[in-house]
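> One structure coming up, written as structure tokens, with questions to follow.
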Ligand code: NAP
């Protein structure tokens, strides 16, 4: 029987996860298939019920169904509960569905690779207070960072218990002057041109990490590189979180290189749409 993992969302335009997971199934010698399942909202509960069957290894979940799927599974792991988002589900041997979050550990892998050092002890600034920012703030809080400042566009929003300042405030600018790592966790650079972080304020040894990976080079990353700063997009975060999910579904680890190679043409595609 071909084992299945289905990504639930609407719309589902990107094929990055399909390509990564199907390459990993092939490399691991598993008869498995990762598929896009663009469903209407009323069809989601029925599909989640179907995923209790032993044909399924689990589910991926993306907008707008993260809250709905979290309410339909049997259990949500504590970190996903605290973050407030389930982006993957694993089916246990006895047919229970457990929701978990891979954005947080995926961010850690991507950011530590970009910085060339652990997050522990780093002074970090995050722009954004949406879904991915909450996962990032959770990971930073559990990583013993030296300091953490969150900036958001609109009136301060809490991200995993941290009160955000505004992106144009002195508090945000002061934190940047002293930062080791500045993270863009907004949709700016993907859905619209623009820059959330005035990179000229950062110290010369700071790293800029943009969660956006389509396009590969955002205005923020270009500005950071022009200032001589170390800069990385969200592609390694994407690959790391996929490898973590694959291991949860199959028990097979070490698929990062296979996934990176498989997704490289898509990540390099200058015509890729956000
Ligand atoms: P989200 O929940 O919709 O949050 C959007 C965030 O962007 C909010 O903080 C919002 O601020 C801010 N924002 C939107 N327009 C803005 C503007 N013009 N100026 C300043 N801030 C603005 O989105 P999300 O799910 O967190 O995703 C954020 C980004 O992370 C996306 O680009 C996504 O592709 C990327 N991502 C990457 C990975 C990866 O593996 N690399 C994983 C997940 C997500 P307000 O609160 O003021 O509206």
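The values are calculated or read from the model by the stated rules, or taken from the named source; none is laboratory data. All values reported here derive from a predicted model rather than from experimental measurement. Every residue, glycine among them, receives a Cβ derived from its backbone with ideal geometry; neighbour counts consider all protein chains shown.
> Determine whether residue 111 is under 26 Å from residue 57 (Cα atoms), buried (at least 18 other Cβ atoms within 10 Å of the Cβ) and within 13 Å of the chain's Cα centre (by Cα).
So residue 111 does not fit the description; no.
> Counting only residues that are under 19 Å from residue 101 (Cβ atoms) and either in contact with a strand residue (DSSP E or B) (Cβ under 6 Å, 6 or more places away or on another chain) or surrounded by 24 or more Cβ atoms within 10 Å (Cβ to Cβ) (or both), how many does region 146-161 have?
Looking only at that region, the number is 3.
> Across region 162-190, which residue is farthest from residue 123 (Cα to Cα) among those that are assigned to a loop (DSSP other than H, G, I, E, B) and in contact (Cβ under 8 Å) with a residue 40 or more places away in the chain?
Top of the filtered list is 190.
> Report yes if residue 176 is touching a strand residue (DSSP E or B) at 6+ places or on another chain (Cβ under 6 Å) and modelled with pLDDT of 95 or more, otherwise no.
Yes.
> While we're on this one: So residue 37 clears everything in (1) buried (at least 18 other Cβ atoms within 10 Å of the Cβ); (2) out of contact with any strand residue (DSSP E or B) (no Cβ under 8 Å at 6 or more places or on another chain) except one condition, right? Which one?
Among (1) buried (at least 18 other Cβ atoms within 10 Å of the Cβ); (2) out of contact with any strand residue (DSSP E or B) (no Cβ under 8 Å at 6 or more places or on another chain), the lone unmet condition for residue 37 is (2).
Results for (1) over 12 Å from residue 17 (Cα atoms); (2) under 17 Å from the mean Cα position of the chain (by Cα); (3) more than 13 Å from the ligand (Cβ to nearest atom), shown as yes or no for each residue.
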site: 233; (1), (2), (3): yes, yes, no
site: 243; (1), (2), (3): no, yes, no
site: 246; (1), (2), (3): no, yes, yes
site: 250; (1), (2), (3): yes, no, yes
site: 258; (1), (2), (3): yes, no, yes
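> Just checking, does region 20-29 include any residue being in a loop (DSSP other than H, G, I, E, B) and under 30 Å from residue 215 (Cα atoms)?
no
> Another one. Anything in region 71-90 that is more than 13 Å from the ligand (Cβ to nearest atom) and surrounded by fewer than 24 Cβ atoms within 10 Å (Cβ to Cβ)? List them, or say none.
Listed by number, the residues that qualify are 71, 72, 73, 74, 75, 76, 77, 78, 79, 81, 82, 90.
> Within region 54-70, how many residues turn out to be farther than 13 Å from residue 87 by Cα and surrounded by 17 or more Cβ atoms within 10 Å (Cβ to Cβ)?
Of the residues in that region, 2 qualify.
> Could you list all residues from region 174-190 that are within 9 Å of the ligand (Cβ to nearest atom) and surrounded by fewer than 20 Cβ atoms within 10 Å (Cβ to Cβ)?
187, 190
> Now, a different point. Going through region 131-161 one residue at a time, which ones are more than 15 Å from residue 81 (Cβ to Cβ), assigned to a loop (DSSP other than H, G, I, E, B) and away from the ligand (no atom under 11 Å from the Cβ)?
143, 144, 145, 146 - these are the residues of region 131-161 that are more than 15 Å from residue 81 (Cβ to Cβ), assigned to a loop (DSSP other than H, G, I, E, B) and away from the ligand (no atom under 11 Å from the Cβ).
> What number of residues in region 191-230 are in contact (Cβ under 8 Å) with a residue 40 or more places away in the chain, within 19 Å of residue 264 (Cβ to Cβ), touching a strand residue (DSSP E or B) at 6+ places or on another chain (Cβ under 9 Å) and more than 8 Å from the ligand (Cβ to nearest atom)?
0
> Consider residue 101 against the criteria (1) farther than 21 Å from residue 173 by Cβ; (2) without any contact (Cβ under 8 Å) to a residue 24 or more places away in the chain; (3) surrounded by 23 or more Cβ atoms within 10 Å (Cβ to Cβ): it satisfies all of them except one. Which criterion is unmet?
Just one mismatch for residue 101, condition (2).
> Looking at region 193-200, can you tell me whether even one residue there is in contact with a helix residue (DSSP H, G or I) (Cβ under 7 Å, 6 or more places away or on another chain), modelled with pLDDT of 95 or more and closer than 19 Å to residue 103 by Cα?
Checked against the condition, which is being in contact with a helix residue (DSSP H, G or I) (Cβ under 7 Å, 6 or more places away or on another chain), modelled with pLDDT of 95 or more and closer than 19 Å to residue 103 by Cα, region 193-200 yields no hits at all.
> Considering region 191-200 alone, what residues qualify as being surrounded by fewer than 22 Cβ atoms within 10 Å (Cβ to Cβ) and in a loop (DSSP other than H, G, I, E, B)?
191, 193, 194, 195, 198
> When you look at residue 51, is it surrounded by 14 or more Cβ atoms within 10 Å (Cβ to Cβ), in contact (Cβ under 8 Å) with a residue 12 or more places away in the chain and closer than 15 Å to residue 242 by Cβ, yes or no?
Criteria not met by residue 51.
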